[in-house]
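Got a structure for you, questions after.
The values are calculated or read from the model by the stated rules, or taken from the named source; none is laboratory data. On a predicted model such as this, the values are computed, not experimentally measured, just so you know. A quick note on method: Cβ atoms are made from the backbone with ideal geometry, for glycine too, and the neighbour counts reach across all protein chains shown. For the accessible areas, the whole protein counts, side chains as well, though only heavy atoms, and no ligand, DNA or RNA atoms are used. Shrake-Rupley method; radii C 1.70, N 1.55, O 1.52, S 1.80 Å.
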Amino acid sequence: MKLFIYHTPELTPTDSVPDCAIAVDVLRATTTIATVLSAGAEGVQVFSDMEKLMQVSEEWPAQKRLRAGERGGAKVPGCDLGNSPLDCTPEVVQGRRLFITTTNGTRALQRVQAAPAVLAGAFVNRQAVVQYLKSQSPDTVWIVGSGWEGSFSLEDTACAGAIAHSLLAELNCSLDELAGNDEVIDAIALYRQWQDNLLELFHHASHGKRLLRLDCHEDLKYCAQTDILDVLPIQREPGVLVKNS
């Protein structure tokens with residue numbers, strides 16, 4: 001297995017796709033997607049465009065759909081939810097499909113949706129991602145951070161490093177055997193430095209600060225937890241993620 005990490009969707013190669021792609025948007029899209037599916041949602045459908053989301057979701061019965069929209073960290077007017085995983089309780093999402101668009105995370109998922117296997121990863125479900133990779137053993141794996149509007153983000157790179165760090169232990173292989181690019185080594189080093197204090201890292205991160213200004217401290221605390229959900233969001237059809245069974 002060769003692992004490649006890309007800090008943003010824009011940095012991924014345009015002339016190839018991996019055997020398996022993992023989109024990561026710790027704050028907060030992929031954390032929210034894992035939480036929604038763990039809470040019993042039928043599925044999650046991702047969009048980069050708000051207008052398209054409204055159009056497609058109209059085809060679903062109102063009682064079977066939820067619309068989640070976020071721009072700049074804030075909820076989009078007219079949507080049922082923003083992008084907070086804390087709002088995604090079983091009472092709210094059970095049996096429904098979540099139609100979601102966010103500033104960064106949904107773009108990352110759409111960039112890699114042509115890969116044979118597409119997963120959504122975050123700290124909350126890190127080990128579920130690792131166990132899938134161990135069992136399926138794809139030849140090439142991309143972890144694609146969402147970043148923030150095309151730029152590097154600390155939290156997504158640290159999460160990519162957490163996945164890579166755990167993979168090294170699970171596969172009992174060397175760093176040289178696993179790493180397909182320099183970013184893998186960089187991400188592991190970042191995670192190892194902050195693994196015992198991820199919440200503090202989020203407080204240093206530019207998007208973490210943005211969310212704190214929006215009074216989302218509890219969201220940061222939730223997103224900083226590791227391996228609390230045994231759920232793996234996996235793409236069933238382009239743009240639609242379901243719980244891997």
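Which one is nearest to Gly145 (Cα to Cα), of the residues in segment 13-25 that are in contact (Cβ under 8 Å) with a residue 40 or more places away in the chain and open to solvent by 10 Å² or more (accessible area, probe 1.4 Å)?
Looking at the filtered set, the residue picked out is Val17.
For Leu86, work out the one condition from (1) free of Cβ contacts under 8 Å to residues at least 60 places away in the same chain; (2) open to solvent by 40 Å² or more (accessible area, probe 1.4 Å); (3) in contact with a helix residue (DSSP H, G or I) (Cβ under 7 Å, 6 or more places away or on another chain); (4) closer than 23 Å to Glu200 by Cα it doesn't fulfil.
All conditions are met except number (1).
Would you be able to tell me the number of residues in segment 140-169 that are open to solvent by 60 Å² or more (accessible area, probe 1.4 Å) and either touching a strand residue (DSSP E or B) at 6+ places or on another chain (Cβ under 7 Å) or in a helix (DSSP H, G or I) (or both)?
1
Right, another one. Which pairs turn up if I take residues in segment 26-41 that are closer than 14 Å to Val242 by Cα and open to solvent by 10 Å² or more (accessible area, probe 1.4 Å) and look for partners that are among the charged types (D, E, K, R) and not in a helix (DSSP H, G or I) with beta carbon separation below 7 Å, at least 6 apart in sequence or on another chain?
Ala41/Arg96; Ala41/Arg97
Moving on. Examine segment 107-119 for a residue that is open to solvent by 10 Å² or more (accessible area, probe 1.4 Å), more than 30 Å from Ala169 (Cα to Cα) and over 16 Å from the mean Cα position of the chain (by Cα), and state whether such a residue exists.
Checking segment 107-119: not a single residue is open to solvent by 10 Å² or more (accessible area, probe 1.4 Å), more than 30 Å from Ala169 (Cα to Cα) and over 16 Å from the mean Cα position of the chain (by Cα).
Quick check on segment 206-245: of everything there that is among the β-branched types (Val, Ile, Thr) and either more than 16 Å from the chain's Cα centre (by Cα) or not in a loop (DSSP other than H, G, I, E, B) (or both), which residue is surrounded by the most Cβ atoms within 10 Å (Cβ to Cβ)?
Ile234
Looking only at residues that are open to solvent by 70 Å² or more (accessible area, probe 1.4 Å) and among the basic types (Lys, Arg) in segment 42-83, which one is nearest to Glu149 (Cα to Cα)?
Among them, the one singled out is Arg71.
Quick one: in segment 15-31, which of the residues that are under 8 Å from the mean Cα position of the chain (by Cα) and either at pLDDT below 95 or of a type outside the set (A, V, I, L, M, F, W, C) (or both) is nearest to Thr226 (Cα to Cα)?
So, considering only residues that are under 8 Å from the mean Cα position of the chain (by Cα) and either at pLDDT below 95 or of a type outside the set (A, V, I, L, M, F, W, C) (or both), the one nearest to Thr226 (Cα to Cα) is Thr31.
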